[in-house]
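For reference, the structure is listed below as C-alpha cells.
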Amino acid sequence: MLQQIIDRRLAGKNKSIGNRERFMRRYKDQIKEAVRRAVDGRGIRDLERGEEVRIPKKDLSEPVFHHGQGGMREVVHPGNKDYIRGDRIERPKGGQGGGSGKGQASDQGEGEDDFTFALSKEEFMQVFFEDLALPHLVRTQLAETPEWKSHRAGFTSDGTPNNLHVVRSMRGAIGRRIAIGSGSRRELHELQERLVELKRAAAAGDTTAEREIKPLEEEISALRLRIERIPFLDPIDLRFRNRVKVPVPTSKAVMFCLMDVSGSMDEARKDLSKRFFILLYLFLTRHYEKIDIVFIRHHTQAQEVDEENFFHARETGGTVVSSALVLMEEIIRARYNPSEWNIYGAQASDGDNWHHDSGRCRELLAEKLLPLCRYFAYVQVAEEEQNLWEEYCQLAESQPHFAMRKATEASQIYPVFRDLFKKEGAAAAA
C-alpha cells in the first residue's frame with residue numbers, strides 16, 4: 001500500500017526558513033560586522049529592532065569545478081613597458097560597473113549591486129548576544145518546581161515501536177524457543193536414534209522391528225511439526241527501552257546592578273552607566289528564564305529600587321560607595337542562599353568616592369562579597385583613575401572572578417560589555 005505524507009506546517013512569512021538559516025550561517029562574519037556597526041550607530045533604546053545587512057557581491061560567488069585544458073602547451077605572453085611584478089593597478093574610473101553607486105557616469109561597463117537583506121528583530125538580537133554568557137554558571141539545587149530530565153531505566157514489555165530494542169527482543173525470542181523446544185528436541189533425538197536401530201534390525205531380518213518403523217516415523221514427523229510450530233518471535237519477547245523522568249538541579253541566578261548616582265555623576269556619565277545596564281538587562285532577560293535582577297542606586301545611602309526608578313529617578317547626593325556593597329550583602333544573606341543561587345554583581349561608577357571609604361569597599365568585596373559571588377564586574381565611566389580604581393586594581397590582581405574596565409564614550413559600552421560577559425571558552429581562547 002502506497003502512503004503519501006504531506007507536510008502542511010506553516011513556515012511563517014519566510015517561505016524557506018531552512019534556506020534562510022543556511023544563508024545566515026554562511027555569511028555569519030558579514031552579519032556580525034553589520035550588527036556591530038548598527039550598535040555603534042543607533043541609540044540604546046533602539047537596540048531591539050531589525051537591521052539591513054549588505055553583503056558585497058564579491059563574497060556571493062561560489063567556487064566551481066571545471067575541466068582543465070590538459071596536455072603539454074607552450075604559450076608566449078607578450079611583455080609590457082608599463083608594469084612589473086608587484087605593481088598595483090588602479091581600478092577603472094567610474095561607470096565601469098560594480099553597483100556601488102559611486103564614480104562618474106559612463107557609457108560603458110556593467111555590474112551587479114551588493115546583496116541586501118533585512119534581519120528581523122529576533123535574528124538581530126540572536127546575533128547580538130549569541131557568544132555571551134554568565135561566567136561560571138552552575139546548577140545548584142532542586143527548585144520548588146524542578147526541571148525534569150529523561151533517563152534510561154532498563155527495559156519494559158510495553159512501549160512504542162520507536163523504543164523497540166531489537167537485540168534484546170531477539171535474545172528473548174531465542175531463549176524462549178530454546179526453553180520451549182528443548183524437551184521436544186531431546187525426545188526427537190532419542191526417537192531418531194531408535195529409528196536407526198530398528199532399520200538396522202529390519203535389515204538383519206527382524207520382522208518385529210520392521211513393523212515398528214512406520215509408526216515411529218509418523219511420531220517423528222508429528223514431533224517435528226510441533227517443534228516448527230514454535231513461533232520465531234512472539235509478542236512476549238518484545239522489549240522496549242524504558243525511560244523515566246527524574247528531577248535535576250536548576251540554574252538559579254541573581255544579578256545585582258549597582259549604579260552610582262552621586263553629584264559627581266553628571267548626565268553624560270549617568271547615560272553611559274544606563275547604557276551598560278540596559279545592555280545587561282536585555283542580555284539577562286533574553287537568555288535566562290530563571291534569573292532575578294536586583295537594582296541598587298546609591299549616593300551617600302544605598303536603596304533597592306525597581307526597574308523604573310533605577311533608570312529614571314533623579315535623586316542625587318554625596319558619594320559613599322560602600323553603602324551599596326553593604327546593602328548587597330544584606331540582601332544576599334536575607335534572600336539568596338549562596339548554596340542555592342548563582343550570585344553576580346555589576347557596578348558602574350565614575351570612581352569618585354569619599355577617600356576614607358575606598359579601602360572599605362575593597363575589604364567588603366574581598367572578605368564578604370566575592371566569596372559569595374560567581375563573578376563581579378566593575379565599569380568606570382570616567383577616565384581619571386581615582387582612589388576607588390586603585391583599590392579595585394589590587395582586587396583584580398588576586399581575584400580571578402573580579403573584572404574591571406573603563407568606558408568613557410558611548411561607542412565603548414558595547415565592546416566593554418562583550419569583553420566582560422563573553423563565554424568562558426571564548427575568553428580562554430582570547
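Some values worked out for this structure:
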{"quantity": "Restricting the stretch 311-330 to residues that are in a helix (DSSP H, G or I) and at pLDDT below 85, the residue that is nearest to Tyr378 (Cα to Cα)", "calculated": "Phe311"}
{"quantity": "Residues located in the stretch 238-254, provided they are in contact with a Leu (Cβ under 9 Å, 6 or more places away or on another chain), of a type outside the set (Gly, Ala, Ser), assigned to a loop (DSSP other than H, G, I, E, B) and farther than 30 Å from Glu187 by Cα", "calculated": "Arg239, Pro249"}
{"quantity": "Long-range neighbours under 9 Å by Cβ, at least six apart or interchain, first residue of a type in the set (Phe, Trp, Tyr) within the stretch 289-306, second not in a strand (DSSP E or B)", "calculated": "Phe295/Phe277; Phe295/Asp306; Phe295/Glu307; Phe295/Asn309; Phe295/Phe310; Phe295/Phe311"}
{"quantity": "Of all residues making up the stretch 357-372, the number that are of a type in the set (S, T, N, Q) and under 24 Å from Asn337 (Cβ atoms)", "calculated": "0"}
{"quantity": "Tally, over the stretch 257-271, of residues that are farther than 14 Å from Gly317 by Cβ and not acidic (Asp, Glu)", "calculated": "4"}
{"quantity": "Tally of residues being farther than 13 Å from Tyr344 by Cβ and buried (at least 19 other Cβ atoms within 10 Å of the Cβ) across the stretch 282-295", "calculated": "1"}
{"quantity": "Enumeration of residues in the stretch 358-407 that are buried (at least 17 other Cβ atoms within 10 Å of the Cβ), of a type outside the set (S, T, N, Q) and assigned to a helix (DSSP H, G or I)", "calculated": "Arg360, Cys361, Arg362, Leu364, Leu365, Leu369, Leu388, Trp389, Glu391, Tyr392, Leu395"}
{"quantity": "Residue in the stretch 235-243 that is more than 30 Å from Val416 (Cα to Cα) and without any contact (Cβ under 8 Å) to a residue 12 or more places away in the chain present", "calculated": "yes"}
{"quantity": "Those residues of the stretch 306-322 which are farther than 10 Å from Met259 by Cα and either in contact with an Asp or Glu (Cβ under 8 Å, 6 or more places away or on another chain) or surrounded by 19 or more Cβ atoms within 10 Å (Cβ to Cβ) (or both), in sequence order", "calculated": "Thr319, Val320, Ser322"}
{"quantity": "Residue match in the stretch 346-355 (condition: under 30 Å from Ala268 (Cα atoms) and exposed (fewer than 14 other Cβ atoms within 10 Å of the Cβ))", "calculated": "yes"}
{"quantity": "Criterion (assigned by TED's automatic domain parsing to the domain that holds Gly318, among the acidic types (Asp, Glu) and in contact (Cβ under 8 Å) with a residue 60 or more places away in the chain) met by exactly one of Asp260, Asp266", "calculated": "Asp260"}
{"quantity": "Flag for Lys245 being exposed (fewer than 15 other Cβ atoms within 10 Å of the Cβ), on the phi < 0 side of the Ramachandran plot, basic (Lys, Arg) and out of contact with any Ser or Thr (no Cβ under 6 Å at 6 or more places or on another chain)", "calculated": "no"}
{"quantity": "Which numbered condition Ile278 fails, given (1) in a helix (DSSP H, G or I); (2) β-branched (Val, Ile, Thr); (3) out of contact with any helix residue (DSSP H, G or I) (no Cβ under 7 Å at 6 or more places or on another chain)", "calculated": "(3)"}
{"quantity": "Matching option when the condition is of a type in the set (Phe, Trp, Tyr) and in contact with a Lys or Arg (Cβ under 7 Å, 6 or more places away or on another chain), among Phe295, Phe283, Phe310", "calculated": "Phe310"}
{"quantity": "In the stretch 148-173, the residues that are within 20 Å of Ile236 (Cβ to Cβ) and small (Gly, Ala, Ser)", "calculated": "Gly154, Ser157, Gly159, Ser169, Gly172, Ala173"}
{"quantity": "Filter result for the condition that a residue is closer than 19 Å to Cys373 by Cβ and of a type in the set (Gly, Ala, Ser), over Ala253, Ala222, Ala209", "calculated": "Ala253"}
{"quantity": "Residues being within 60 Å of the chain's Cα centre (by Cα) and hydrophobic (A, V, I, L, M, F, W, C) - total across the stretch 179-198", "calculated": "2"}
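Rundown of residues vs (1) within 60 Å of the chain's Cα centre (by Cα); (2) hydroxyl-bearing (Ser, Thr, Tyr); (3) not in a loop (DSSP other than H, G, I, E, B), yes/no style:
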| site | (1), (2), (3) |
| --- | --- |
| Arg211 | no, no, yes |
| Leu216 | no, no, yes |
| Ser221 | no, yes, yes |
| Ile227 | yes, no, yes |
| Phe232 | yes, no, no |
| Ile236 | yes, no, yes |
| Phe256 | yes, no, yes |
| Lys274 | yes, no, yes |
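The values are calculated or read from the model by the stated rules, or taken from the named source; none is laboratory data. Since the structure is predicted, the reported quantities are computational estimates derived from the model, not experimental observations. Don't worry about glycine lacking a Cβ; one is built from the backbone with ideal geometry, like all the others, and counts go over all protein chains shown.
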